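**Student:** Before we start, here is the structure in question, set down as structure tokens.
The values are calculated or read from the model by the stated rules, or taken from the named source; none is laboratory data. Worth saying up front: this structure is predicted, and the values here are computed from it rather than measured. Cβ: placed from backbone, ideal geometry, glycine included. Neighbour counts: every protein chain shown. Remember, those area values only see protein heavy atoms, side chains included, never the ligands or the DNA or RNA. Shrake-Rupley method; radii C 1.70, N 1.55, O 1.52, S 1.80 Å.
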Amino acid sequence: MRNCQYDITYYDFNPTVLFVSKGRMTKDSRYHDHDFTEITYVLSGKGQYCVDGTVYDVQAGDLIICNSGVFHRNIVVNPKEPTVEFFVGFTDYHFRNMPENTIILKENGFILHTDTELRQNLSKLCFSMSAENETDQVGKYFMLKAHLIQFLLLILRQEAEPKPIQDGFQFDSHYKSYAVSRIVDYLDSHYNEKISLDRIAQNMYLSPVYISKIFKEETGESPINYLIKIRLEKAKDMLSSPQAESIKKIANDVGYEDAYHFSKLFKKYYGVSPLHYKKKIS
């Protein structure tokens, strides 16, 4: 592996998660430091942070990175509109060309402003970590660790200098895979809403024709067929529940206003109507 600024190996990057939490900034905290790294991510609202003697304005999408020994405290700006924050504390990590257990930003500061894409990805990871932290599922700690690793790598990718495209590198192929992964994420998150190819295209800033083309090339099916499968799988799970709602309610919950159309699709894919499937399961 090349020894560039942010190259890492498995042994460099095996962080220990100390805690995760989410809460509202309701009062000024005391000026304090830690013997580990703490990252605060502002999920919503505005506020201020005094870090190492300097006061910074922060808002949704900003990261406050405090390494071991860095004194900091939050300052409430508007008590009527509390700032919602996510916190994660961790240690036992090492990025090349940085001291152990330390993250150094490009500008040698403490605040990192994120762009729209990074903000969306980090917010999703924060909510995933918060949800995981509130459960007692098998492998809880390792799931938190996996999310944290993604969280940190996304931060480092924003800070890293862009690498020149190498000879023979198929940028178009790389971009198609990336674009399709974004479309899949969008469909997975918004399956219960009114979705059309035009709406997907607007969110991706691409043409509907191009989206259909690359999605079919990468997955073997159209975006709409993929969406139908997601919706029907969700509906099947709902129908399997002992407390299953009515067919009409389930149809609405997975994005179909017309229960008859939903039933036809369900029978086409599974060979049985949703009503018969519900009776069979119960």
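**Student:** With θ taken as phi - 60° and the coefficients 6.51, -1.76 and 1.60, list the Karplus ³J(HN,Hα) couplings across the range 72-87 in order, rounded to whole Hz; mark glycine and proline as x.
**Tutor:** These are the phi-based 3J(HN,Hα) values: 7, 7, 8, 10, 6, 9, 9, x, 6, 10, x, 7, 9, 10, 10, 10 Hz.
**Student:** Separate question: Can you give the log10 of the normalised intensity I(q)/I(0) at q = 0.14, 0.28, 0.31 Å⁻¹, computed with Debye over equal Cα scatterers of the range 201-257?
**Tutor:** Normalising to I(0) and taking log10 leaves -0.52, -1.03, -1.15.
**Student:** Label-point separation (nm) for S44 and E107, each offset 7 Å from Cα along Cα-to-Cβ?
**Tutor:** Output for this residue pair reads 2.7 nm.
**Student:** Using amide H atoms built in the peptide plane, which far-off residues or other-chain residues are under 5 Å from T16 H to H?
**Tutor:** T91, D92
**Student:** So, one more: Specify which residue in the list V55, H261, I211 is farthest towards the positive end of the charge dipole of the chain, using unit charges on the beta carbon of Lys, Arg (+1) and Asp, Glu (-1), about the Cα centre.
**Tutor:** H261
**Student:** Now for a separate question. Under a 1.4 Å probe, what is the accessible area of the chain per residue, stated in Å²?
**Tutor:** On the way: 16500 Å² over 282 residues.
Value returned for the chain: 59 Å² of accessible area per residue.
**Student:** Another question about this same structure. Please determine, in degrees from 0 to 90 and to the nearest 10, the orientation of helix 223-240 with respect to the longest principal axis defined by the Cα atoms of the chain, where the helix direction is its Cα long axis.
**Tutor:** So the inclination is approximately 80 degrees.
**Student:** Separate question: For the range 87-145, list log₁₀ I(q)/I(0) at each q in 0.13, 0.20 Å⁻¹, using the Debye formula over Cα point scatterers of equal strength and ignoring solvent, two decimals each.
**Tutor:** Computed log10 I(q)/I(0) values: -0.50, -1.00.
**Student:** Sorted by average packing, counted as other Cβ atoms within 10 angstrom per residue and highest first, what order do 258-269, 25-36, 143-154 take?
**Tutor:** 143-154, 258-269, 25-36
**Student:** Report in % the part of the accessible area of the chain that belongs to carbon and sulfur, leaving out ligands and nucleic acids; probe 1.4 Å. Spell out each step's value before the answer.
**Tutor:** Working: 8470 of 16500 Å².
With neighbouring chains kept in place, the figure for the chain is 51 percent.
**Student:** Sticking with this one: So how strong a dipole does the chain carry about its Cα centre when Lys and Arg Cβ are +1 and Asp and Glu Cβ are -1, to the nearest 20 debye? Intermediate results must be reported in sequence, preceding the final value.
**Tutor:** Numbers: 34 positive and 36 negative charges, 312 e Å.
Here the chain has a charge dipole of around 1500 debye.
**Student:** I've got another one for you. Would you mind telling me which residue in Y205, Y141, Y93 has the biggest mean-square fluctuation in a Gaussian network model of the chain, where springs connect alpha carbons within a distance under 10 angstrom?
**Tutor:** Largest GNM mean-square fluctuation: Y205.
**Student:** State, in angstrom, two size descriptors of the chain derived from its alpha carbons: Rg to one decimal place and Dmax to the nearest whole number.
**Tutor:** When restricted to the Cα atoms of the chain, Rg and Dmax are 23.0, 67 Å.
**Student:** Hey, another quick one. Given Cα positions, please report Rg to Rh for the range 45-134, the hydrodynamic radius being the Kirkwood one.
**Tutor:** Working: Rg = 14.1 Å, Rh = 14.6 Å.
So for the range 45-134, dividing Rg by the Kirkwood Rh gives 0.96.
**Student:** Here's a follow-up. Determine ³J(HN,Hα), in whole Hz, for all residues of the range 148-154 in sequence, where each value follows from phi through the Karplus function 6.51 cos²θ - 1.76 cosθ + 1.60 and θ = phi - 60°; x replaces Gly and Pro.
**Tutor:** For the range 148-154, the Karplus-derived couplings read 4, 4, 4, 4, 5, 5, 5 Hz, x marking Gly and Pro.
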